[in-house]
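To start, the structure under review is shown below, and the notes come after it.
Where a number appears in this text, it was derived from the coordinates with a stated rule and is not lab data. Given the structure is predicted, the values throughout are model-derived calculations rather than measurements. We place every Cβ from the backbone using ideal geometry, glycine too, and count neighbours over all the protein chains shown.
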Amino acid sequence: MVSGREEQFTLDESCVGSPPVLGIVGDVSSALSIDISSILGLYRVPMVSYYATCSCLSDRNKFPSFFRTVPSGAFQVNFYKQLLVQAMLQIMRRFGWTWTGMLFTDDAYGRDAARSFQSELAQSGLGCLAYVEVLPWDNDPAELQRIVTAMKTSTARWVGAGGGVCTGQENLGTAETTLLDVSELRLEYNVYKAVYALAHALHDMLQCVPGRGPFTGHRCASLQTIQPWQLMYYLEKINFTTSFGDRVSFDENGDPIPIYDVMNWAWLPDGTTAPQSVCSESCSSGTRVARRKGEPVCCFDCIACSEGEISNETGRFTCTTCPEDFWSSPQRDHCVPKSMEFLSYHEALGISLTTISLLGTFTCAIVLGIFIYHRSTPMVRANNSELSFLLLLSLKLCFLCSLLFIGRPKLWTCQLRHAAFGISFVLCVSCILVKTMVVLAVFKASKPGGADIMKWFGAMQQRGTVLVLTFIQAIICTAWLVSASPTPHKNTQYHSDKIVYECAVGSTVGFAVLLGYIGLLALLSFLLAFMARNLPDNFNEAKLITFSMLIFCAVWIAFIPAYISSPGKYADVVEVFAILASSFGLLIALFGPKCYTILLRPERNTKKSIMGR
């Protein structure tokens, strides 16, 4: 047949004569392709196979005119091991598939591909296999004979169409035949590409411009004298795209660009769904992966990150802890700055305490004004007006020092708040102590033999005593500030989601000594006033001092456990409350009755009424 010496035959009216065979589409078998191509290679007759995959056919020295539209076996093995497996892994990564099923044929190619894919999947950590299914070859003789017959039909038809002298009116694109619809037929599609490869080679050959041809003397091939090797020249250079979007060309060994199918399972006609692509959906931001015991690694639960931890990516196995000054958002997907907590002027509690403090200060100023205006009356003169004025001034400072505990802590407010508080209260209690001592001295001097005692309690001695007692507290505060000064401190121990901005006392010993000294003076004043409680009824200063110091001591005794047990800003609230409560207690107990007498009962503000008997 190749030599042209076979019996003459006529295909149809448009193709006549006894032409040589210019090209062959086939064969399906690698063994037969090897035998046929060995002979055709001697005549340089191109042979385009659609199913022969033996890698030996890529040897151009032995098979110089062999082409094929199916990838060679050697390429398939290498492709499965490298490119195809990687492509499959990229598809899994792109669509987030972790729950994978694997189907492979029970042959060398299928088994090798399965091993490669399993190995690469395990190393990548992308997912795991839900199931593995081996597909056996169908050895039904009747089905095999039907497939072989349909190949042969297409081969004979298209070889005949491309091998004779033609009218030039034939068009493969408009030819009506069921063999052209090969979009869903893989084997037939390779036949389709083989026929089109030869058709394009013939077309390119016919487009040759005389004088510009590729052969000796720039000649073109003649239809009357065309030779197979001339068709082979054009076949090696074809490069076209099928109507399905696939590019067809041959490399230097006659092998094609490999094409593989990616199947997409979807809804089936009976209403069933595609297999689930994941055993567990990827964990979203704000959660972490928690493996299920005894199940594949692709099956897991999504656990919300703990407070203070975040996960800002999907599929995270661990949550990240936020920095110290940050906290997790409600969605646990990013860190947000922790809220800062302190006793603020802008909150209701701070506003209330500020108002009470200013009210106490204003009240002290009013009382001081009353005493100054009525300073010449017996009530004011009998109560040691100088010490009363100094006591009112110290109470005013006590009310004002509470404002240092409100607002954002700063270094100077932290250092000043306790020093101002300690000195103000010592000044206040010292005045009360000296007043109590003066009361006792007055009645002691009124008894026989007590005339000389008053020389120890003159105006200078009173001022000196108050100054010395206050100076001792100033020394305590100075030593505290120099050795371990209070400083602003961001405390994260009370609350995990916010920062308590407070003043660290620096030295607990210094703070205890400061409070202890105030308590010592207050206790001493209380004891002295208690001793003077039996003085004449009309002169009730000792009773008022006893009652005021009882309130003072009760407030500060209750303050200590409340202060220790109060977290964060509430420790400052307790301390401010103790300052205000004790200050109001002293102000009302000591000066309330006097102001009442001065303003509302002036008839009692006489020397006779005060001295009584």
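Run the simple label-point estimate for Leu599 and Phe389 please: 7 Å along Cα→C-beta, distance reported in nm.
Using points 7 Å along Cα→Cβ, the separation is 2.1 nm.
So, by mean Cβ neighbours within 10 angstrom, what's the order for 521-532, 117-128, 427-438 with the highest one leading?
Working: 521-532: 19.1, 117-128: 15.5, 427-438: 24.8.
In decreasing order of mean packing, 521-532, 117-128, 427-438 become 427-438, 521-532, 117-128.
Which whole-Hz couplings ³J(HN,Hα) result when phi for each residue of region 505-511 is put into the Karplus expression 6.51 cos²θ - 1.76 cosθ + 1.60, θ = phi - 60°, listed in order with x for Gly and Pro?
Each residue of region 505-511 in turn: 5, x, 10, 5, 5, x, 5 Hz.
Which stretch or stretches of region 471-508 have amide N atoms under 20 Å from the point lying 7 Å from Thr321's Cα along the Cα→Cβ direction?
Within reach of a label on Thr321: 490-500.
Relative to the present Cα-Cα distance, how much length would full extension add between His203 and Leu32 at 0.36 nm per residue of separation? Mind dumping the intermediate values first?
Numbers: separation 171, 0.36 × 171 = 61.56 nm, distance 2.86 nm.
Roughly 58.7 nm would be gained on extension.
Return the loop-located GluC sites (Glu not before Pro) in region 285-314 (DSSP other than H, G, I, E, B) with at most 14 other Cβ atoms within 10 Å of their own Cβ; answer none if there are none.
Values: sites: Glu307, Glu309, Glu313; in loops: Glu307, Glu313.
Filter output for region 285-314: Glu307, Glu313.
To one decimal place, what orientation-averaged projected area in nm² is obtained for the convex hull of the Cα set of region 287-337?
Details: hull surface 13.7 nm².
Across all orientations, region 287-337 yields a mean hull projection of 3.4 nm².
Subtract the Cα-Cα distance of Leu550 and Ser243 from 0.36 nm times their separation in residues, and report this length gain in nm to one decimal.
Details: separation 307, 0.36 × 307 = 110.52 nm, distance 10.49 nm.
Gain in length upon complete extension: 100.0 nm.
If you add up the charges near Cys595, with Lys and Arg at +1 and Asp and Glu at -1, over every other residue whose beta carbon is less than 14 angstrom from its beta carbon, what do you get? Working shown, then result.
On the way: positive: Arg375, Lys594, Arg601, Arg604; negative: none.
Residues near Cys595 contribute +4 overall.
Label-point separation (nm) for Arg93 and Gln461, each offset 7 Å from Cα along Cα-to-Cβ?
Between Arg93 and Gln461, the simple spin-label model gives 9.6 nm.
Hey, with R₀ at 30 Å, roughly what FRET efficiency would Gln82 and Glu236 work out to, going by the Cβ-Cβ distance, to 0.05? Write down the numbers at each step before the final one.
Details: r = 27 Å, r/R0 = 0.90.
That gives a FRET efficiency of 0.65.
Evaluate the distance, in nm, between pseudo-label points positioned 7 Å from the Cα of Ser483 and of Phe362 along their respective Cα→Cβ axes.
4.2 nm
In the neighborhood of Leu514, defined by Cβ-to-Cβ distances under 14 Å, what is the net charge if each Lys or Arg adds +1 and each Asp or Glu adds -1?
Charge balance near Leu514 sits at 0.
Quick one: which residues, 5+ away or cross-chain, put their amide H under 5 Å from the amide H of Val25? H built at 1.01 Å from N.
Amide H neighbours of Val25, under 5 Å, 5+ apart: Val48.
Give the value in nm², to one decimal: projected area of the alpha carbon convex hull of region 348-611, averaged over all directions. Walk me through the numbers before you get to the answer.
Details: hull surface 60.3 nm².
For region 348-611, averaging the hull's shadow over all directions gives 15.1 nm².
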